[in-house]
Amino acid sequence: MESQSRTSPPETPKRSPFTGIFHKLKTNLVFRSKLAEINGAMGDLGTYIPIVLALTLAKDLDLGTTLIFTGIYNFITGAVYGVPMPVQPMKSIAAVAISSTAEEFGIPEIMAAGICTGGILFVLGVSGLMQFVFNVIPLSVVRGIQLSQGLAFAMSAVKYIRKEQNFSKSKSVGDRPWLGLDGLVLALVCVLFIVLVNGDGEQEQEEEEERDGSRRRRVSIRKVVSNVPSALLIFLLGVVLAFIRKPSIVHEIKFGPSKIKLVRMNKEAWKNGFLKGTIPQLPLSVLNSVVAVCKLSYDLFPEKKFSATSVSMTVGLMNMVGCWFGAMPTCHGAGGLAGQYKFGGRSGGCVALLGVAKLVLGLVLGSSLVGIMDKFPVGVLGALLLFAGIELAMAARDMNTKGDAFVMLVCTAVSLGSNAAIGFVAGIVLYVVLWMRNYGRVRTTNLPVQVDQHP
């Protein structure tokens, strides 16, 4: 009787598996702040535009197809990860292509290199080897790679600001004039404007300052200034100046997407693509596109959980699909993530919006955008790239011990002097040597009494 008198608990309704997926997508794509997210979407253009423009002018890359595919990549990665995960060109492959003739390393070789790199990264992800690599690499070595990449971006930005550029030949062609629509004064004004609006990038603690009316007014003015979309305004200024520099661009615009076609790659293209493109690109992709991106994401967004395995697989899939149709080889990058975060990107909606914009431009204007990009003020791009590089380099500020800083700085110096792969090896060797040297040594820092550790 007692068991019959008990009321059975209400049955919980069964949730559809799609409910959780839709909830995650909604959470990942929601804007934290509309204006800031739009501004953050511009933070990666300082690296994206120069390389895409150089490949388009020097190697006849299909800009319309590249915009369509990279737009799709942006939207998918934003929806999957929920952070401003960037989609950037593979820089080593681009550098080899720009410095070679079309016969030596043309579009077929570029695409073969992208497919091979993507395939290897996908296998590393599926097998779990990428997660193992991520777990065993010392943080000081990762910080060294991030610092070197950030400083390299910053130095390239200074070169863009000071010197006129020929992107089709990847070289400087003389000092930039002080005045003009792409002059040194314009670039410096853009730099100062970003500093004025964004400051050093730290979130200000305003609660303690709101004690009286005058301080509240100062805080209010500061909040208004900090909410100005600096990167967006600078990008729009560059577009307007591009049309002023060459008004005939209007007549060169043709509506409609590029014709997407399959790239034919013969045996020689596969061979040269792998040897000249994949081999130098692979270490950079593993370190900067996967390991450094995951480390930086954990620093900036500790509440977001995703693995090096998934990041490696998305980079692999992007290139295993898009490169067959002539889309530029792409990867994620710590510099792009730092740049978008610097200018306000806080969610996947930031890069998803950028992806939609690329997709619309690729479908509506196609390759006719080359004329606009060719006249876009390079000094303005340098201003955006400068702060993206500085933000990435700032990730190294958490190396508090002398040993960690020593490993990081040696890794940085070797990377800047040679390349990231050699810098990584130098950092690992140095870390192991120091570990062996200090093995078994008694640490006295936790003793209650201060002990002099010097002889």
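One table, with the values for the structure above:
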| read-out | value |
| --- | --- |
| Members of the range 110-147 that are open to solvent by less than 10 Å² (accessible area, probe 1.4 Å) and under 29 Å from THR66 (Cβ atoms) | ILE110, MET111, ALA112, ALA113, GLY114, THR117, GLY118, LEU121, GLY125, MET130, ILE145, GLN146 |
| Boolean, THR330 is open to solvent by 30 Å² or more (accessible area, probe 1.4 Å) and within 18 Å of the chain's Cα centre (by Cα) | no |
| Residue that is touching a helix residue (DSSP H, G or I) at 6+ places or on another chain (Cβ under 8 Å), modelled with pLDDT of 85 or more and more than 19 Å from CYS331 (Cβ to Cβ), where the choices are MET85, MET90, MET42 | MET42 |
| Any hit, the range 160-171, residues being open to solvent by 50 Å² or more (accessible area, probe 1.4 Å), modelled with pLDDT under 90 and on the phi < 0 side of the Ramachandran plot | yes |
| Wholly enclosed helices (runs of 4 or more DSSP H) of the range 109-203 bearing at least 2 residues under 20 Å from PRO329 (Cβ atoms) | 139-162 |
| Failed criterion for ARG264 (all others in (1) among the basic types (Lys, Arg); (2) surrounded by 18 or more Cβ atoms within 10 Å (Cβ to Cβ); (3) over 18 Å from the mean Cα position of the chain (by Cα) hold) | (2) |
| Inter-residue pairs, beta-carbon under 8 Å, first small (Gly, Ala, Ser) and in the range 149-163, second assigned to a helix (DSSP H, G or I) and open to solvent by 30 Å² or more (accessible area, probe 1.4 Å), 6+ apart | GLY150/ILE390; GLY150/GLU391; GLY150/MET394; ALA152/LEU416; ALA154/LEU386; ALA154/ILE390; ALA157/LEU386 |
| Hits in the range 75-102 (condition: surrounded by fewer than 24 Cβ atoms within 10 Å (Cβ to Cβ), of a type in the set (A, V, I, L, M) and within 18 Å of LEU317 (Cβ to Cβ)) | ILE76, ALA79, VAL80 |
| Matching residues, the range 351-389, being under 21 Å from ASN288 (Cα atoms) and touching a Pro at 6+ places or on another chain (Cβ under 6 Å) | VAL351 |
| Filter pass, ALA54 being in contact (Cβ under 8 Å) with a residue 40 or more places away in the chain and touching a Cys at 6+ places or on another chain (Cβ under 8 Å) | no |
| Residue among SER285, SER310, SER297 that is out of contact with any Leu (no Cβ under 8 Å at 6 or more places or on another chain), hydroxyl-bearing (Ser, Thr, Tyr) and either buried (at least 24 other Cβ atoms within 10 Å of the Cβ) or assigned to a helix (DSSP H, G or I) (or both) | SER310 |
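The values are calculated or read from the model by the stated rules, or taken from the named source; none is laboratory data. The shown structure was predicted, so the numbers you read here are calculated from the model rather than taken from an experiment. Every residue, glycine among them, receives a Cβ derived from its backbone with ideal geometry; neighbour counts consider all protein chains shown. All accessible areas refer to the heavy atoms of the entire protein, side chains included, with ligands and DNA or RNA removed. Shrake-Rupley method; radii C 1.70, N 1.55, O 1.52, S 1.80 Å.
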